Amino acid sequence: MPPLINVDRLEYLTEGCDLMSHAIAAFPETREFLAETVRGMTLDGKALQRPLRRCDLNSCGGTCCHDGVYLSSEEARVIRALSDSASTELKAIGAELPKQTVVYGKWRDVAAGPKTAVKVAPMRGKVPDYPDHFPETNCVFLLPDARCSLQVLATNRGLHPWHYKPATCWLHPLSVVSGPDYKPRLTLFSAKTDPQRFDNYDGFVSRTHCGQTCEGGEPAWRVLHQELETLGQIGDRDLIGELGELESEGPSSV
């Protein structure tokens, strides 16, 4: 089998800009809902200024994929069908999938519904700073080298890398929440604002490599340029331009 390119590298995603309008095209209902959300959402400029560094799969081992991902009903339906129809391709890529790739999950009182299944994985032996409160599991679509098999499949088929990728996955570490005025708000949770911090669980987004504050790093909106540009194109907004204006206006504007 020929060597696989690292489709999670920023430079590769940049090369695929001409396909950007087709991101998550496998999920038209989810895409339309996201477009409507983006058109009406506000931006948490202060949170999106927090310094980050681009994720390095060699270091993080796909830590953010440790528990799989909760899916919309459409995402669950498409991914379940794709697991069957593309089983040969996925196996050739290196994905050893179980019979049931989408299961029902429930996590505390935070999330419940269809999600990707998980498999046991020796994460503490692979990632030195793997959080103590994260279980040693991986999403079943995560390859041994920490790439996403759904992303590799799309690339091999000449599609946008995120064609089959659930929105929550490619948006990470970004989140869309209900703002003070009940309008959707794009934000980036920190160690202080991470809603998944409990007495015995020290957060999720803020404990993944790409969501951790990186002293000396670049502002989050610059590091996450590709995610924001794609999100903006889906909702017909220039999010990069808007965030650049907020930065130039100074701290009072964010």
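Loop-only trypsin sites (Lys or Arg not before Pro) in the stretch 155-254, please: DSSP not H, G, I, E or B, and at most 12 other Cβ atoms within 10 Å.
Arg157, Lys192
Mind ordering 135-144, 110-119 by average Cβ neighbours within 10 Å, highest first?
The most tightly packed comes first, giving 135-144, 110-119.
Go through Ser72, Ala112, Pro184 and say which Cα lies farthest out towards the positive end of the charge dipole of the stretch 10-253; charges sit on Cβ, +1 for Lys and Arg, -1 for Asp and Glu.
Of the candidates, Ala112 comes out farthest on the positive side.
Count the net charge of all other residues whose Cβ sits under 14 Å from the Cβ of Pro180, scoring Lys and Arg as +1 and Asp and Glu as -1.
For residues surrounding Pro180, the net value is +1.
Relative contact order, percent, of the chain when contacts are C-alpha pairs under 8 Å separated by at least 6 residues?
Relative contact order here is 31 percent.
Under a Cβ-Cβ cut-off of 9 Å, what is the net charge of the residues other than Ala167 that fall near it, where Lys and Arg count +1 and Asp and Glu count -1?
Taking every Cβ under 9 Å from that of Ala167, the sum is +1.
So how do Trp221, Trp162 line up by other beta-carbon neighbours within 10 Å, fewest first?
Going from least to most buried by this count: Trp221, Trp162.
What net charge is computed for the residues neighbouring Ala23, neighbours being all others with C-beta under 9 Å from the C-beta of Ala23, Lys and Arg scored +1, Asp and Glu -1?
+2
Using the Kirkwood radius over Cα pairs, work out the Stokes-Einstein diffusion coefficient for the stretch 140-254 at 10 °C and 1.306 mPa s, in µm²/s as a whole number.
98
With viscosity set to 1.306 mPa s at 10 °C, what whole-number translational diffusion coefficient in µm²/s follows for the stretch 103-167 from Stokes-Einstein and a Kirkwood radius over Cα pairs?
116
Out of the GluC sites (Glu not before Pro) in the stretch 172-254, which ones are loop residues according to DSSP with at most 13 other C-beta atoms within 10 Å?
The qualifying sites are Glu215.
Extent of the stretch 57-172 along each principal axis, from alpha carbon coordinates, in Å, largest to smallest?
Extents along the principal axes, in whole Å: 37, 33, 26.
None of the figures in this text is laboratory data; all of them are computed from the coordinates on show. Remember, predicted model here, so these are calculated numbers, not experimental data. Using ideal geometry, Cβ is built from the backbone for each residue, glycine included, and neighbour counts are taken over all protein chains shown.
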